[in-house]
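Here, each number is a calculation from the coordinates, and none is a lab measurement. These numbers come from a predicted model, not from an experiment. Methodologically, a virtual Cβ is constructed for each residue, glycine included, from the backbone with ideal geometry; neighbour enumeration extends over all protein chains shown.
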Amino acid sequence: MKKRQLIIFLLFIGGLFQHLHAQEVPQKQTTLNFFLDCWDCDFTFVRQELEFVSFVRDPKLADVHILSSSQRTGSGGEKFFLNFIGLNTFQGQDYEYQYMADQSETRDEVRQGLLKIIKTGVLQYYSQTGFFERVKINLEDTGEMTATEIVEDPWKKWVFSIEAGGNLQQEESQDELSLGTELRIQKVTKDWKTRIEGDYNLDHENYYDDGEKIENRQTRADISGNYIKSLSKKWSAGVFGEYSASTYLNTKNAYALDAGIEYNIFPWDISNRKVFVFRYLAGISNHRYREITIYDKRKETLYYEALQLDLEIVQPWGRIETRMEGRHYFHNFNRNRLIIDSEVSVRLTKQLSVYGEIEYQVVHDQLYLPAGNASLEDVLLRRRKMATEYELRLQFGFEFTFGSIYNNVVNERF
């Protein structure tokens, strides 16, 4: 009898120990919710390829926030940054991956590259859950490169781009011909950046009214070049040159040479997430005008300086880009211009996001305006720039979504 009681007591103690141990060891999480905050990703394609991944519309319900940003590269391509930000039980487990898209890559190649990065990041979190046992991984070498291969660049990182095109439109009472060409040459390394670009545009319009022909011909040419040197993780300096000619701005030809220095509060190696830059520039420009200006000038040489402020922030709650610039001529500080340009996108609630863009300029530096009054044809056909003390451009809106928070099913029929 005592032996039987002892066995029952031992079984009871064993069961109790097993129950307490099961309470102490947490069960692995089997399902994860991801919020994909990527403007460049083909979301439908991602859902089709990753059917086992649960994507939610509300970032507050996500275990992982996937935040994307991008920058243009020196070769004309685009460098994408995908930041995986851990939430809830994954707080503090953040990862960043990069994908380089060449200028020649198609849209499908870009989305395939981004999908590969998303797969890589998702596995980091699934490897900590019980669901990882159900995931099949197939890692292969494409065979296109070996570890011992050495890449030789015959172009030495120089990139050339040429664009040209035209447009012809004709009706009984009017016809229009537009021609344009653009050339870009650049080389970008970590230490310095050189860029040369030029473009020429011709717009020729004819209007016919009772046998009378009204002609509007406008040309514009621009050539610019710059050399920018990285001085440290936060300091940079540059030299800039420019040539321009424009019938709209009453400019026969104009030459400008600037030098400047800039300081970024944040190191440039995190510029994909945040930038806060102060710039100072000073320079000289020489102008020859097509017609005598309102200041009785046919040509003049001007000295000027400018101060710029750039702020860019990309975060899970939204995006902010703001640029402020103030410039003036030394011969008369009243000849100045102030520019404020800001873009904002903010997620207010899980359903509501707002966005807006505003550009405002205070204009007191139109030294190129031709003397005399503008004709009605000049005004209607926009053949010349008109006098103004301000310029304003405004865009805003909101986005409201509601319904199921899960959006994994894809149906492309019809």
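Laid out as a table, the results:
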read-out	value
Residue order, fewest to most surrounding Cβ atoms within 10 angstrom, among His204, His65, His328	His204, His328, His65
Of the GluC sites (Glu not before Pro) in the range 38-83, those whose Cβ has at most 13 other Cβ within 10 Å and which sit in DSSP loop	Glu51
Candidates per chymotrypsin sites (Phe, Trp or Tyr not before Pro) in the range 29-71, loop by DSSP, up to 14 other Cβ within 10 Å	Trp39, Phe52
Built amide H within the under 5 Å cut-off of Leu32, gap 5+	Ser54
Trypsin sites (Lys or Arg not before Pro) restricted to the range 253-339 and DSSP loop, no more than 13 other C-beta within 10 Å	Arg298
Cα shape, the range 33-134, gyration tensor, a/c 1.5 rule	prolate
